[in-house]
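Heads up: the structure comes next, in structure tokens.
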Amino acid sequence: MSPPSTPPTPIRIGGSKALAQFSCEKCGAKLEYAPGTTVLKCPYCNHENPIPEVRDEGGAAAEVRESDLNAALASMERGAETMSIGQIECGACKAIFAPAPNITATACPFCGANIVLTRHSATVIKPGAVLPFRIAREQATEMYRGWVRSRWFAPTRLKSRALLDQSLRGIYIPAWTYDAQTVTQYTGQRGDAYYVTVGSGNNRRTERRIRWSSAGGVVSNAFDDVLVLASHSLPKDKADKLEPWDLAALTPYDDSFLAGFTAESYTVSIAEGFEEAKAIMADVIRGTVRRDIGGDEQRISSMQTQYSGLTYKHLLLPVWLSAYRFGDKLYQFLINARTGEVQGQRPYSWIKIALAVLAGLIVIAVIVIAQSYFKSR
């Protein structure tokens with residue numbers, strides 16, 4: 001391969017500062033982040049550039065920081081570090097993402113629709129941390145092929161298309177995490193089981209009954225890194241199953257880790273994400289309340305929760321994604337590019353299912369006929 005002839009156009013950050021070009025010092029080609037490493041690698045001459053460690057204003061190694069949520073909710077410009085980016089929106093699925101600067105036309109990585117790129121500028125909260133890719137494209141492709149081959153009732157045409165024509169794309173998915181201290185005042189009822197003997201004779205039996213008494217109290221919970229995806233571009237049931245994410249491996253945001261990949265912009269705001277996070281917290285709080293009530297059964301009548309110490313992080317999470325259309329329906333295949341967790345959607349071949357059912361009925365019929373034959377002898 002020869003290096004690209006047209007140099008990439010820089011995306012502007014904060015209206016003035018340009019993203020680093022990451023050009024190979026040997027051949028001038030565009031460098032790409034090598035998953036599982038801390039280097040940028042040239043796809044043409046294999047030259048490697050180490051990614052320098054991110055440092056704070058004092059020169060010390062930077063750490064992933066929490067940001068004040070209340071300040072961000074009150075005013076994004078005042079409470080959060082922002083940046084201005086060039087991004088596009090898919091007209092088919094409404095995903096918003098920033099493709100490589102030198103690309104002028106592409107297929108949407110989330111739905112496969114063809115897009116002629118018309119970038120527009122948007123001011124967004126800057127990611128504070130990134131979870132770098134660890135699984136390389138070759139390994140992800142083998143996972144994809146293995147998954148497709150294991151779909152017994154998938155249409156044959158899908159398997160040939162997926163293996164020959166579809167390619168995985170590396171996508172950074174936006175997410176929020178929230179920390180909080182909660183104090184919850186509750187009312188409810190405690191149920192204590194007891195047993196009585198009822199009936200007589202053959203109808204004599206022991207029944208379990210519950211004695212209810214009023215309950216109330218106050219419980220506290222501490223939450224750390226409650227994760228909420230900041231996008232609706234992936235099927236929620238599949239995206240949720242990509243967890244857990246090894247958030248301990250987060251590194252301070254650096255453009256270098258995005259080289260060669262597409263980054264999606266968030267479409268779920270901080271406030272919307274916090275509402276979803278509160279629903280996740282509420283399930284945990286409800287469990288704490290039940291344990292505090294005690295007894296054999298519990299009823300919760302009310303919960304009043306106060307939140308304090310609220311902080312958030314804006315993260316980018318790595319996913320290998322393939323989106324394809326079969327018939328008129330969209331299907332997506334996902335890989336957690338840290339752990340290798342695989343999730344996917346697939347169509348079914350009703351012809352294959354019908355043939356499998358027919359084969360099963362034939363086997364049953366043969367067994368019945370054979371049993372009848374041997375019994376008659």
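Every number here is computed from the coordinates shown, using simple stated rules; none is lab data. What you see is a predicted model; the values in this text were computed from it and never measured. Reconstructed Cβ throughout: ideal geometry from the backbone, glycine too, with neighbour counts over all protein chains shown.
Sorted by packing (mean other beta-carbon atoms within 10 Å per residue), highest first, where do 238-248, 207-217 land?
Values: 238-248: 14.6, 207-217: 12.3.
Ranked from most to least packed, the peptides come out as 238-248, 207-217.
What is the calculated FRET efficiency for residue 222 to residue 68, with r their C-beta to C-beta distance and R₀ = 22 Å, to the nearest 0.05? Provide the component values of the computation, followed by the final result.
Details: r = 17 Å, r/R0 = 0.78.
Efficiency, from the Cβ-Cβ distance: 0.80.
Report, ordered by chain and residue number, the aspartates and glutamates lying within cross-link reach of residue 278, taken as a straight Cα distance under 16 Å and ignoring same-chain residues fewer than 8 apart.
Cross-link targets: 179, 224, 225.
Which residues in the range 291-324 place their backbone N less than 19 Å from a point set 7 Å from the Cα of residue 193 along the Cα-to-Cβ direction?
So the set is 291-300.
Taking the Cα centre of the range 185-244 as the origin, how large is its charge dipole in debye, to the nearest 20, when only Lys and Arg (+1) and Asp and Glu (-1) carry charge on their Cβ atoms?
Details: 9 positive and 7 negative charges, 126 e Å.
It comes to approximately 600 debye.
Taking K and R as +1 and D and E as -1, what net charge do the other residues with C-beta under 9 Å from the C-beta of residue 215 add up to? All intermediate terms of the calculation are to be shown ahead of the outcome.
Numbers: positive: 190, 299; negative: 292.
It works out to a net charge of +1.
Assuming 0.36 nm per residue, please report the length gained on full extension of the stretch residue 362 to residue 203 beyond their Cα-Cα distance.
Gain on extension, residue 362 to residue 203, equals 52.4 nm.
What does the charge add up to near residue 43, with Lys and Arg as +1, Asp and Glu as -1, over the other residues with Cβ less than 12 Å from its Cβ? Before the final figure, lay out the partial values.
Details: positive: 30, 41, 137; negative: 32, 48.
With Lys, Arg at +1 and Asp, Glu at -1, the neighbours total +1.
Each residue of the range 222-234 in order: what ³J(HN,Hα) in whole Hz does its phi give by Karplus 6.51 cos²θ - 1.76 cosθ + 1.60, θ = phi - 60°, with x for Gly and Pro?
10, 10, 10, 6, 6, 8, 9, 5, 9, 8, 10, 6, 9
Taking 0.36 nm per residue of separation and subtracting the Cα-Cα distance, what length does fully extending residue 308 through residue 283 add? Walk me through the numbers on the way to the answer.
Details: separation 25, 0.36 × 25 = 9.00 nm, distance 1.79 nm.
Result for the pair: 7.2 nm of gain on full extension.
Local charge sum around residue 225 (other residues, Cβ-Cβ under 10 Å, Lys/Arg +1, Asp/Glu -1)? Write down the numbers at each step before the final one.
Details: positive: 313; negative: 66, 179, 224.
So the surrounding residues net to -2.
Between residue 129 and residues 5 or more places away or on another chain, which pairs have amide H atoms under 5 Å apart, with H built 1.01 Å from N, and which residues are they?
Those qualifying (amide H under 5 Å, at least 5 residues apart or on another chain) are 253, 314, 316.
Using R₀ = 22 Å, calculate the FRET efficiency as 1/(1 + (r/R₀)^6) where r is the Cβ-Cβ separation of residue 246 and residue 183; round to 0.05.
With R0 = 22 Å, the Cβ-Cβ based efficiency is 0.15.
Under 5 Å between amide hydrogens, which residues at least 5 positions from residue 232 or on another chain qualify, with H placed 1.01 Å from N in the peptide plane?
Amide H neighbours of residue 232: 267.
Which residues' amide hydrogens lie under 5 Å from the amide hydrogen of residue 260, considering only partners 5 or more residues apart or on another chain, with H built in the peptide plane?
Correct list: 33.
Return the sequence-ordered ³J(HN,Hα) values of the range 312-321 in whole Hz as given by the Karplus equation 6.51 cos²θ - 1.76 cosθ + 1.60 applied to θ = phi - 60°, using x for Gly and Pro.
Each residue's phi maps through the Karplus curve to give 9, 9, 9, 10, 10, 10, x, 9, 8, 10 Hz.
Testing the spin-label approximation: label points 7 Å from Cα along Cα→Cβ at residue 296 and residue 25. State their distance in nm.
Between residue 296 and residue 25, the simple spin-label model gives 7.5 nm.
Any idea what diffusion coefficient the range 163-320 gets from Stokes-Einstein, in µm²/s, Kirkwood Rh on alpha carbon pairs, 37 °C, 0.692 mPa s? All intermediate terms of the calculation are to be shown ahead of the outcome.
Numbers: Rh = 19.4 Å.
Approximately 169 µm²/s, per Stokes-Einstein.
Reported to two decimal places, what Rg/Rh ratio describes the range 195-270 when computed on Cα atoms with Rh from the Kirkwood expression?
A ratio of 1.38.
From a point 7 Å beyond the Cα of residue 272 in the direction of its Cβ, which residues of the range 215-249 have a backbone N at a distance under 20 Å?
Inside the label zone: 226-241.
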